[in-house]
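The values are calculated or read from the model by the stated rules, or taken from the named source; none is laboratory data. Every value quoted in this text rests on a predicted model; they were computed, and no experiment measured them. Cβ placement follows ideal geometry from the backbone for every residue including glycine, while neighbour counts extend to all protein chains displayed.
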Amino acid sequence: MNEKDVVLLGVGDIAVMTYSPKWENLVRSIRGKESIFAKVSDTLNEADVTFCQLEIPLSDKSPSSLPQARRADYARTETAYELKRAGFDVVSFASNHCMDWGLETFFDTINALEMAGLKVVGVGKNLEEARKPVFVECKGVKIAFLAYNTILPMGYWATDSRPGCAPLRAFTLYEQIEHDQPGTPCRIHTFPHRQDLQAMISDIKNAKSKADIVILSLHWGIHFIPAIIADYQREVAHVAIDSGADLILGHHAHILKPIEVYKGKVIFYSLCNFAADLPFTKEMLQEKGFKEIQKLNPKWIPDPECLYNLPPDTEKTIIAKCEISDRSIKKVSFLPVHIDRKTAMPEILKSGDKRFKEVVRYLKEITQSQDIDTKFTVIGDEVVLV
């Protein structure tokens, strides 16, 4: 790699509670004054462009959550500066939590990120604004980012006259396999909303006409369940690449999902979490809503004394790495990462670390289980895909 090449890094979900009115005392009692990004910020800052997905809203007020919000957390706007210090440049806020605390907090979040010097994509005061690409120019290369969200509580997506995130809605059809056998398992079919799909295609083509590289961020997929990719995801991903997208960064599932190489372009179906404080109180563990979702992953046993409380296989995560040369992608790889359960801090792993090998093995297994034939080649401390 020469000095003219551009290095782009991308990570999954970010939900930092260092400045959360509800959780900051617990966070500081466990992590002290150390940033959740302490072990990764050097690497993130060394890259030319670094992307993340923000899960939680930011506000310095005392908002009230919306009735349709499920787990609703927020943090103060200082979090935006923590993201900037950590090395991030571009942030997608197109998530199923963007409207959890109402319109005022939605705009507080966007304003805080922009004040911190971050570019925000996937949200806006109306649909036109939410669908606009964000452009980053570096070393003579122009990169466009687009972001969409499939995980959509009612009222969270933007319309011509309503703020929100850029939608890429999907529908679900349950087909009973044995029609004469009530109660037997069914096949699940999913397919994208045609109007949203056409809008995405138009956005990608427009961005490609103005930029050398188009990066697509997609908040989508089946959360917590290992490996499985919904039908609509493959259709959307392939259509996006056919339309001009050069790299797809998926998130929301809170667990790693397969990696596919389609027509030479890489699709990360889920990058998993990256930096997420997810504490639970003993009372939260007894809630009916949590017990229902806990069934999705039988290994999920939260610990109120830990900051990271998702299933053990979600401790395995990655940083997507893209090297751009002569205005095209030269190489795509990933850096294996481990999330510490006690502190929630991500740590980039070396190839000699057994946890590095576990991340690679896990990704190989889940990718093969979905009949995707991706080659994983370990070179130094990264895993090369293309």
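Screening Thr343 against (1) in a loop (DSSP other than H, G, I, E, B); (2) at pLDDT below 95; (3) among the β-branched types (Val, Ile, Thr) leaves a single unmet condition, (2). Highlighted here are the strands (runs of 3 or more DSSP E) found entirely within the range 125-196 that include at least 3 residues which are modelled with pLDDT of 95 or more and under 20 Å from the mean Cα position of the chain (by Cα): 134-138, 141-149. Would you confirm whether or not the range 55-62 contains a residue that is modelled with pLDDT of 95 or more, outside any loop (DSSP other than H, G, I, E, B) and either aromatic (Phe, Trp, Tyr) or under 30 Å from Leu247 (Cα atoms) (or both)? Within the range 55-62 (the criterion being modelled with pLDDT of 95 or more, outside any loop (DSSP other than H, G, I, E, B) and either aromatic (Phe, Trp, Tyr) or under 30 Å from Leu247 (Cα atoms) (or both)), the answer is yes, since at least one residue qualifies. Note on the range 346-386: residues that are in a loop (DSSP other than H, G, I, E, B), in contact (Cβ under 8 Å) with a residue 24 or more places away in the chain and acidic (Asp, Glu) total 1. Considered as a group, the residues in the range 198-227 that are surrounded by 21 or more Cβ atoms within 10 Å (Cβ to Cβ), in a helix (DSSP H, G or I) and of a type in the set (A, V, I, L, M) include one that is farthest from the chain's Cα centre (by Cα), and that residue is Ala207. Taken over the range 21-37, the criterion of being among the hydroxyl-bearing types (Ser, Thr, Tyr) and farther than 23 Å from Val337 by Cβ is satisfied by Ser29 alone. For the range 267-286, the candidate set comprises residues that are assigned to a loop (DSSP other than H, G, I, E, B) and surrounded by 14 or more Cβ atoms within 10 Å (Cβ to Cβ); within that set, the residue that is modelled with the lowest pLDDT is Phe280.
Among the criteria (1) assigned to a loop (DSSP other than H, G, I, E, B); (2) in contact with a helix residue (DSSP H, G or I) (Cβ under 6 Å, 6 or more places away or on another chain), the one Thr50 does not fulfil is (1).
Checking Pro304 against (1) touching a strand residue (DSSP E or B) at 6+ places or on another chain (Cβ under 6 Å); (2) modelled with pLDDT under 95; (3) under 19 Å from Ile30 (Cα atoms); (4) not small (Gly, Ala, Ser): exactly one of these is not met. Which one? Condition (1) is where Pro304 drops out. Counting only residues that are over 16 Å from Thr77 (Cβ atoms) and in contact (Cβ under 8 Å) with a residue 40 or more places away in the chain, which one in the range 104-122 is surrounded by the fewest Cβ atoms within 10 Å (Cβ to Cβ)? Once the filter is applied, the top-ranked residue is Val121.
Ala69 - would you say it is outside any strand (DSSP E or B), at pLDDT below 95, more than 12 Å from Phe106 (Cα to Cα) and not aromatic (Phe, Trp, Tyr)? Yes: the conditions hold for Ala69.
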